[in-house]
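The values are calculated or read from the model by the stated rules, or taken from the named source; none is laboratory data. All values reported here derive from a predicted model rather than from experimental measurement. FYI the Cβ positions are ideal-geometry reconstructions off the backbone, even for glycines, and counts take in every protein chain you see. Keep in mind that these areas ignore ligands, DNA and RNA; they rest on the heavy atoms of the full protein, side chains included. Shrake-Rupley method; radii C 1.70, N 1.55, O 1.52, S 1.80 Å.
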Amino acid sequence: MCRTPEEFKAWSQNLGHESVLTSFYSYGDVPDYKQAKLLWKLAKPAEGTSSDMEEQFKQFMQFQNMMGK
(Lines give C-alpha, C1' and ligand atoms only; values in the text may rest on other atoms or scores of the structure.)
Protein backbone atom coordinates (compact mmCIF):
# COMPACT_ATOMS: atom_id res chain seq x y z
CA MET A 1 0.00 0.00 0.00
CA CYS A 2 2.89 2.35 0.66
CA ARG A 3 4.11 3.97 -2.52
CA THR A 4 6.90 6.27 -1.37
CA PRO A 5 9.77 5.96 1.10
CA GLU A 6 8.05 8.59 3.24
CA GLU A 7 4.88 6.47 3.39
CA PHE A 8 6.93 3.42 4.41
CA LYS A 9 8.59 5.44 7.16
CA ALA A 10 5.25 6.80 8.42
CA TRP A 11 3.82 3.28 8.48
CA SER A 12 6.84 1.99 10.35
CA GLN A 13 6.71 4.83 12.89
CA ASN A 14 3.01 4.16 13.42
CA LEU A 15 3.96 0.62 14.44
CA GLY A 16 6.44 2.10 16.93
CA HIS A 17 9.54 1.07 15.02
CA GLU A 18 12.57 3.30 14.87
CA SER A 19 13.69 1.70 11.61
CA VAL A 20 11.68 0.78 8.53
CA LEU A 21 13.77 -2.38 8.31
CA THR A 22 12.38 -3.50 11.67
CA SER A 23 8.92 -3.45 10.13
CA PHE A 24 10.05 -5.43 7.10
CA TYR A 25 11.95 -8.03 9.13
CA SER A 26 9.33 -8.43 11.87
CA TYR A 27 6.07 -9.02 10.07
CA GLY A 28 4.87 -11.83 7.92
CA ASP A 29 6.95 -14.28 6.00
CA VAL A 30 5.85 -14.84 2.42
CA PRO A 31 4.89 -18.49 1.80
CA ASP A 32 6.91 -20.23 -0.93
CA TYR A 33 3.96 -20.47 -3.34
CA LYS A 34 3.20 -16.76 -3.00
CA GLN A 35 6.88 -15.84 -3.34
CA ALA A 36 7.05 -17.73 -6.63
CA LYS A 37 3.86 -16.07 -7.88
CA LEU A 38 5.16 -12.61 -6.99
CA LEU A 39 8.51 -13.23 -8.65
CA TRP A 40 6.84 -14.40 -11.85
CA LYS A 41 4.82 -11.21 -11.82
CA LEU A 42 7.95 -9.12 -11.31
CA ALA A 43 9.66 -10.88 -14.22
CA LYS A 44 7.09 -9.48 -16.65
CA PRO A 45 7.60 -5.98 -18.05
CA ALA A 46 5.56 -3.44 -16.14
CA GLU A 47 2.66 -2.05 -18.13
CA GLY A 48 1.83 1.60 -17.82
CA THR A 49 4.54 2.37 -15.30
CA SER A 50 4.67 6.10 -15.05
CA SER A 51 7.92 7.98 -14.86
CA ASP A 52 6.70 9.15 -11.45
CA MET A 53 6.56 5.55 -10.25
CA GLU A 54 10.04 4.94 -11.64
CA GLU A 55 11.30 8.00 -9.77
CA GLN A 56 9.69 6.77 -6.55
CA PHE A 57 11.42 3.41 -7.00
CA LYS A 58 14.77 5.16 -7.46
CA GLN A 59 14.12 7.17 -4.29
CA PHE A 60 13.26 4.00 -2.40
CA MET A 61 16.48 2.35 -3.54
CA GLN A 62 18.46 5.41 -2.45
CA PHE A 63 16.69 5.28 0.92
CA GLN A 64 17.50 1.59 1.26
CA ASN A 65 21.17 2.27 0.49
CA MET A 66 21.20 5.07 3.08
CA MET A 67 19.80 2.66 5.68
CA GLY A 68 22.65 0.23 5.00
CA LYS A 69 20.40 -2.39 3.40
Completion exercise
Excluding ligands, DNA and RNA, the carbon-plus-sulfur percentage of the accessible area of segment 1-42 with a 1.4 Å probe reads 56
Exercise for the section: Sort all Cα-Cα distances of the chain into consecutive 10 angstrom bins from zero, then give the percent of pairs in each bin up to the one containing the longest distance. Expected result: 17, 40, 39, 4
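Under 18 Å between C-alpha atoms is the cut-off here; go through the chain and count lysine pairs that meet it, provided they're at least eight residues apart or on different chains. Intermediate values should be presented prior to the final figure.
Numbers: LYS9/LYS58; LYS9/LYS69; LYS34/LYS44; LYS58/LYS69.
So the count of such lysine pairs works out to 4.
Report the calculated FRET efficiency for ASP32 and ASP52 (r = Cβ-Cβ distance, R0 = 35 Å), to the nearest 0.05.
So, using R0 = 35 Å, E works out to roughly 0.60.
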Exercise for the section: Mind checking which of VAL30, GLN56, SER19 is farthest towards the positive end of the chain's charge dipole, using Cβ charges of +1 (Lys, Arg) and -1 (Asp, Glu) about the Cα centre? Expected result: VAL30
Handout entry: Student exercise, the chain dipole from Lys, Arg, Asp, Glu Cβ charges, in Debye to nearest 20
Key = 220
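Using a 1.4 Å probe, what is the accessible area per residue for the chain, in Å²? Intermediate values should be presented prior to the final figure.
Numbers: 6220 Å² over 69 residues.
Per-residue accessible area for the chain comes out at 90 Å².
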